[in-house]
Number of protein chains: 2
Amino acid sequence: MSSEFISKVDKEARRKAANILRDKFLNLVEQLKKGEPLVMEIPMRTLSNAIYDEKRKLLLLGEKKLRRNFLDLNEAKRFMQTVLMASIIYDALVSDEYPTIRDLYYRGKHSLLLKSIEGNKIVSEENTWDEQKESDSVIVDIEVFTSLLREEMLILSKEKGKVVGNLRIRSGNDVIDLSKTGHGAYAIEPTPDLIDFIDVDAEFVLVVEKDAVFQQLHRAGFWKQYKSILITSAGQPDRATRRFVRRLNEELKLPVYILTDADPYGWYIFSVFRIGSISLSYESERLATPDAKFLGVSMGDIFGNSRKKPYLSEAERKNYIIKAKDADIKRAEEIKNYEWFKTKAWQEEINTFLQRKAKLEIEAMASKGLKFLAFQYIPEKITNKDYIA
Amino acid sequence: MSSEFISKVDKEARRKAANILRDKFLNLVEQLKKGEPLVMEIPMRTLSNAIYDEKRKLLLLGEKKLRRNFLDLNEAKRFMQTVLMASIIYDALVSDEYPTIRDLYYRGKHSLLLKSIEGNKIVSEENTWDEQKESDSVIVDIEVFTSLLREEMLILSKEKGKVVGNLRIRSGNDVIDLSKTGHGAYAIEPTPDLIDFIDVDAEFVLVVEKDAVFQQLHRAGFWKQYKSILITSAGQPDRATRRFVRRLNEELKLPVYILTDADPYGWYIFSVFRIGSISLSYESERLATPDAKFLGVSMGDIFGNSRKKPYLSEAERKNYIIKAKDADIKRAEEIKNYEWFKTKAWQEEINTFLQRKAKLEIEAMASKGLKFLAFQYIPEKITNKDYIA
């Protein structure tokens, strides 16, 4: 690799990750030397070990651990997969490679042949793995085993998040002024922990689910008018966008408001930002933003409630509301039972939805005029603290 | 709108588009004044009027026109929709709005009521439109009627394309150095015609289908090593990415190489960049890059051919190749019949695929080492002109 083009930040990150990975797996060599059976103790990633921490408002991995024993026939293959993957990742780290999880799947995919003692006959043949979900699962095992996120091991991924606003960052060898991106935006890197925040002149962070609405708000100068940082997750947020938002909140102490469609899918996007995803609770501690607020669009914005008038007229409701589908209703009923949606405000929100069977897209608000969306609806709701926490 | 935050470029673009739109529709007023029947003549967008221009290597709209007559019962609704949409777009232009096509759907969605002469009874009720596909179709009519692309009317959209490389551009009020984006990238604006190219120090453009592979090549310093501009379409390219690539080719005279998976979906992505999409041939003249080359991954890279050795060993083929599904075979047979795939090289490519029934992802090449992908495979193929034009 032409290593002169690789940033110093990356080189340092590699060195750190390689050391941790090596130390953790050298334990196995120690076990061997002592004649002990080879065993890895890995935190369990089952639903029963995903615990919602009321106080920290995070979905965390519990204390339960599984023992992966090389001499157990049921676990030998998974043991082999784990060590194989760790060695591939280690090789990638020390060779200045930037694999993706798809790469890692390919890199490790081959057949192990058991030959007869004479060496001329294949007695048995076993694939390391067949499907990517097997190798992905092993990567997660290595993450929880080493407490290194994949990004820290320089494993890259597709990245959809974009940002603009009054913030200067250092990424790689460059300083980037996120207020000087013209009509375009800055596409967040897949390893947001390697970003340095240099200076910021913003009062809050607004995260918009939809890329097209982000484009509109950006173009209209929203973040200039209300000193802020504007982000889009372009749908379901990826890891890097979540980590970036968390860092803005935690390190720069900026409040985070999330704007999605008014439907269970939008609530779930909010939930992933705020709490973490159920299947990946081990990463929540680093990726979730427990302080994030759901700015809207809320059922109260559409129908009004005891505390406020609706933003929509009767005629607008008639034209804009989309009837909820059965799948939406089912999803809402599931979400209603999530631990972290069991607050008064959320139960009221979800109940109103179930009663009215009505969804609304952010674009319906934009169609009332971008002026309305950018310079009335959003700032008014922030000022009035009209959000769901 | 806080118009001080809106770029001058946008203001000028608005003024131009509003004038063209107004002039075109003022013709209808002229017809009325003269007592003529109201008729719009709009280029037909049927498959039979999408013509492949051999010489320019573009899919273009033919000469056929349809007459939309207000007094024809079958056309009155569509006539009304067209005029309604034009007036909404015009209003948006002069009010500094940046609608999306979803917005425009909502903005125009309402019921027209026909009341009795006494005015106290609703005799008939008709919705302007019910589904977005109706309003979208009318937007396209307006595009071909006025020869204004939606982007020129400041209609924004979701945008996935990213770019890095030795290029400085002016976008909005800012000058952006695309070689100074750190580990992140520049997210292309939805209106790439408003970008000014300031200076460039690059020898070619490499477009990568997959965002994750883009991240890898970027991080490894590919575009620094081989003075180039690196772009990802993140899957099927959107309009802005296509227009941006076309402008790099046409205005900066840079050769464009496209790197996709070796499968019919990848070929189609190439085809959209090079020729245009069948359903939207009216836009090809502006968005397509007839000079774009398919760099790979090709069947020859996998299996070799009479002219070269394969890049993969027998063992690698065994581990990396994905068996083509029935849908892939069907797609390949369709593509084989497209006019612009009827060259010797493409027919050989597609026939090999149909014979071998084998697909390959770019990631399989990356798994042979990023060094191999970035610093051997890609540059070697460019140097040897080992691509399909």
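The figures follow:
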| item | result |
| --- | --- |
| Other copies of A:Glu54: label-to-label distances in nm, shortest first, labels 7 Å along the beta-carbon direction | 7.9 |
| Estimated buried accessible area (total), pair A and B, 1.4 Å, Å² to nearest 100 | 5400 |
| Mean-position separation - Cα centroids, the stretch B:118-144 and the stretch B:85-108, in angstrom | 15 |
| Point-charge dipole on Cβ atoms (K/R +1, D/E -1) for the stretch A:1-137, about Cα centre, debye to 20 | 420 |
| Peptide ranges B:7-17, A:242-252 listed from the most packed, as the mean C-beta count within 10 angstrom indicates | A:242-252, B:7-17 |
| Per-residue ³J(HN,Hα) for the stretch B:170-187, Karplus 6.51 cos²θ - 1.76 cosθ + 1.60, θ = phi - 60°, Hz, x for Gly and Pro | 10, 9, x, 9, 10, 9, 10, 9, 6, 9, 10, 9, x, 7, x, 8, 9, 7 |
| Helix axis angle, A:344-356 relative to chain A longest principal axis, alpha carbon, degrees | 70 |
| Per-copy distances of the A:Asp199 label point, shortest first, in nm (7 angstrom along Cα→Cβ) | 2.7 |
| Cα centre as origin, Lys/Arg/Asp/Glu Cβ charges: chain A dipole, Debye | 1060 |
| Average beta-carbon neighbours from other chains, 10 Å sphere, peptide A:172-179 | 4 |
| Using alpha-carbon coordinates, inclination of helix A:239-252 to the longest axis of chain A, degrees | 70 |
| Long-range HN-HN contacts of A:Thr289 with modeled amide H, under 5 Å | A:Arg274, A:Ile275 |
| Radius of gyration and maximum dimension Dmax of chain A, Cα, Å | 24.3, 85 |
| Peptide A:358-371 - average C-beta neighbours from other chains (10 Å radius) | 5 |
| Filter on A:Lys64/A:Lys344; A:Lys158/A:Lys336; B:Lys325/B:Lys359; B:Lys227/B:Lys253; A:Lys57/B:Lys158 - keep pairs with C-alpha separation over 21 Å | A:Lys64/A:Lys344; A:Lys158/A:Lys336; A:Lys57/B:Lys158 |
| Folded to 0 to 90 degrees: helix A:132-146 orientation relative to chain A principal axis, Cα | 90 |
| Label spacing, shortest first and in nm, from A:Ala389 to its equivalents in the remaining copies (7 angstrom along Cα→Cβ) | 6.6 |
| Beta bridges per DSSP with both ends in the stretch B:162-383, % antiparallel, nearest 5 | 60 |
| Solvent-accessible area of A:Tyr265 with every protein chain in place, 1.4 Å probe, in Å² to the nearest 10 | 120 |
| Axis-proximal residue, chain A, for the rotation superposing A on B (Cβ, Å) | A:Ala187, 2 |
| Estimated vicinal HN-Hα couplings, Hz - the stretch B:210-226 in sequence order (Karplus 6.51, -1.76, 1.60; Gly, Pro = x) | 9, 4, 5, 6, 4, 4, 5, 5, 4, 5, 7, x, 3, 6, 7, 5, 10 |
| Total charge dipole magnitude, the protein assembly as shown, about the Cα centre, Cβ charges on Lys, Arg, Asp, Glu only, Debye to nearest 20 | 160 |
| Largest-first ordering by accessible area, 1.4 Å probe, given options A:Lys133, B:Lys160, A:Lys55 | A:Lys55, A:Lys133, B:Lys160 |
| Beta bridges per DSSP with both ends in the protein assembly as shown, % antiparallel, nearest 5 | 75 |
| Beta bridges by DSSP in chain B, antiparallel share as percent, to the nearest 5 | 70 |
| Packing-based order for B:43-52, A:348-357, B:101-110, using average beta carbon neighbours within 10 Å, highest first | B:101-110, A:348-357, B:43-52 |
| Residue-count net charge about B:Ile88 - beta-carbon cut-off 12 Å; Lys, Arg +1, Asp, Glu -1 | -1 |
| Burial ranking of peptide ranges A:287-299, A:138-150 (average Cβ count within 10 Å, highest at the top) | A:287-299, A:138-150 |
| Share of carbon and sulfur in the accessible heavy-atom surface of chain A [1.4 Å probe, %] | 50 |
| Neighbouring partner chain Cβ atoms per residue of A:103-112, average, 10 Å criterion | 5 |
| Rounded Å value of the spacing that divides the Cα centres of the stretch A:167-197 and the stretch B:228-253 | 22 |
| Solvent accessible area, Å² - B:Lys180, 1.4 Å probe, full protein context | 110 |
| List of the stretch A:1-41 residues, accessible area with partners at least 50 Å² below that of the chain alone (1.4 Å probe) | A:Met1, A:Phe5 |
| Probe 1.4 Å, accessible area per residue of chain B, Å² | 42 |
| GNM flexibility winner over chain B from B:Ile322, B:Ile188, B:Ile335 (Cα, springs under 10 Å) | B:Ile322 |
| For the stretch B:73-88, Karplus couplings with θ = phi - 60° (6.51, -1.76, 1.60), whole Hz, Gly/Pro x | 3, 6, 10, 4, 5, 5, 4, 4, 4, 5, 5, 4, 4, 4, 6, 5 |
| Sequence-distant residues sharing a close amide H with B:Thr100 (under 5 Å, placed H) | B:Leu156 |
| Cut-off under 5 Å, modelled amide H: who pairs with A:Lys162 long-range | A:Ile188, A:Thr232 |
| The stretch B:15-63 versus the stretch B:279-321: alpha-carbon centroid distance in Å | 38 |
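The values are calculated or read from the model by the stated rules, or taken from the named source; none is laboratory data. Bear in mind that the values here come from a model prediction, so they are computed numbers and not experimental data. We place every Cβ from the backbone using ideal geometry, glycine too, and count neighbours over all the protein chains shown. Quick note on the areas: whole protein, heavy atoms, side chains included, nothing else; ligands and nucleic acids left out. Shrake-Rupley method; radii C 1.70, N 1.55, O 1.52, S 1.80 Å.
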